[in-house]
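To keep things clear, I will list the structure first and then write my remarks on it.
What follows draws every value from the coordinates through simple rules; no lab data is involved. Just so it is clear, the structure is predicted and the values come from calculations on it, not from any experiment. Glycine gets a Cβ as well: all are built from the backbone with ideal geometry, and neighbour counts include every protein chain shown.
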Amino acid sequence: MGEQIQYIRLVGNERRIGPTLASVSRTWQGKRECFMFISPHDDDAVIGAGIFMQLAMMESVPVHIVIITDGSQGYCSEQEKNSIGEIRRAETFECYQSLGVPRENIIWLGFPDCRLSLFCGRRPAKAGEPAAAGFTGLQNAITKTLRDIRPTQVFMPTSSDLHPDHKIVHQETLISLFHAAGAIWPELGKAIDKVPWVHEMGVYCDFPEPPKLRICATQQHLENKLRAIGKFKSQKQIDSLIEIVRKSGPQEYLRELQFKLYQPRKYHDMFEEKDEMPFGRWGTEFTG
Ligand SMILES: [Zn+2]
């Protein structure tokens, strides 16, 4: 750790080291690479990957930030109770633009903060609800956003974070990745060619299983991240968070998610008789 950029990816017994993400990736798609960071609340993506997104842009990878909630419950003073959504929106643009993300790549889906449980799935939208193609719901919005942006890789907070908004976004994003790549809901756009790679970012709680990718960068990258987090001035608790991020140093971790789609073949052999027991256990018992 110090003054250079270093990626280390653990692949089986191998320890791949390189100065770029491309150099430690098996599936790098060159100019096609496009990253989408899913942020349940406006500040999650910068906390989890504020360094990594700077490095991605240095590798000429477009970065998109998709903020799920409207921030309306994040007020820390009575005066800001009704205006907090607007305040946080302005702070968010400042935060991510300070890291180099273009304004048009910062997208708000506008679901009500702390009420995401009411917006799981997809249903016809009522007046005033966040809607796309006449429907509301996280699966509707995330599927449409995936088809619009067409990312090769998606990043989101782990499923182990305690905040229910984080858990719900995790769950709804995973199924939306498959919706987006399928023929379902054609009014939401052309299906993406393949399901993007998915990584979890560490935000508030440890990863459910250890990550396999470590990113070390320079002190300057850390300073940029700290300055960007500091843009959320309305969030009074942010100072203690900045201290934690500062102490952790210029490093971040990402955990790749592997989908384990049902493969009956996998279970076949465990029901077969083993070679070392040619007559089988039951057969022995019955014949005495
Ligand atoms: Zn959050």
Subject >> Relative packing of 167-177, 114-124, 55-65, which averages over residues the other C-beta atoms within 10 Å, highest first >> reply: 167-177, 55-65, 114-124
Subject >> Helix 138-149 vs. the chain, principal-axis angle (Cα, 0 to 90°, nearest 10) >> reply: 80 degrees
Original post:
Quick one: length gained pulling ARG16 to SER159 fully straight, 0.36 nm per residue minus the C-alpha distance?
Top reply: 48.8 nm
**OP:** Restricting to the chain, compute how many DSSP beta bridges are antiparallel as a %, nearest 5.
**Re:** 55 percent
Subject >> Quotient of C-alpha Rg and 2.2 N^0.38 Å, computed over the stretch 172-255 >> reply: 1.49
Subject >> Acute angle (nearest 10 degrees) that the helix 164-180 long axis makes with the longest principal axis of the chain, alpha-carbon atoms >> reply: 70 degrees
Original post:
Which of VAL61, ASN82, GLN29 sits closest to the plus end of the dipole of the stretch 6-262, meaning its Cα is farthest towards the positive end, when Lys and Arg get +1 and Asp and Glu get -1 on the C-beta?
Top reply: GLN29
Original post:
So if we plug the beta-carbon distance of GLU272 and TRP28 into 1/(1 + (r/R0)^6) with R0 = 45 Å, what FRET efficiency do we get, rounded to 0.05?
Top reply: 0.65
Original post:
How would you classify the stretch 6-262 from its alpha-carbon gyration tensor, with a ≥ b ≥ c the square roots of the eigenvalues: rounded for a/c under 1.5, else prolate if a/b is greater than b/c, otherwise oblate?
Top reply: oblate
Subject >> Centre separation in Å (Cα based) which lies between the stretch 3-28 and the stretch 167-227 >> reply: 18 Å
Original post:
Among the listed pairs LYS31/LYS247; LYS81/LYS167; LYS81/LYS144; LYS194/LYS266; LYS126/LYS260, which are separated by more than 27 Å between their Cα atoms?
Top reply: LYS31/LYS247; LYS81/LYS144; LYS126/LYS260
Original post:
Short version: ³J(HN,Hα) in whole Hz for each residue of the stretch 236-250, in order, from phi by Karplus 6.51 cos²θ - 1.76 cosθ + 1.60 (θ = phi - 60°), x for Gly and Pro, what are they?
Top reply: 4, 7, 5, 4, 5, 5, 4, 4, 5, 5, 4, 5, 5, x, x
Subject >> Gain upon complete extension [GLN73, CYS205; 0.36 nm per residue less C-alpha separation] >> reply: 45.4 nm
**OP:** Give, in nm to one decimal, the length gained when the segment between MET58 and GLU104 is fully stretched (0.36 nm per residue of separation minus the Cα-Cα distance).
**Re:** 14.7 nm
**OP:** Could you list which residues have their amide H under 5 Å from that of GLY71, counting only those 5 or more apart in sequence or on another chain, with H placed in the peptide plane?
**Re:** ASP113
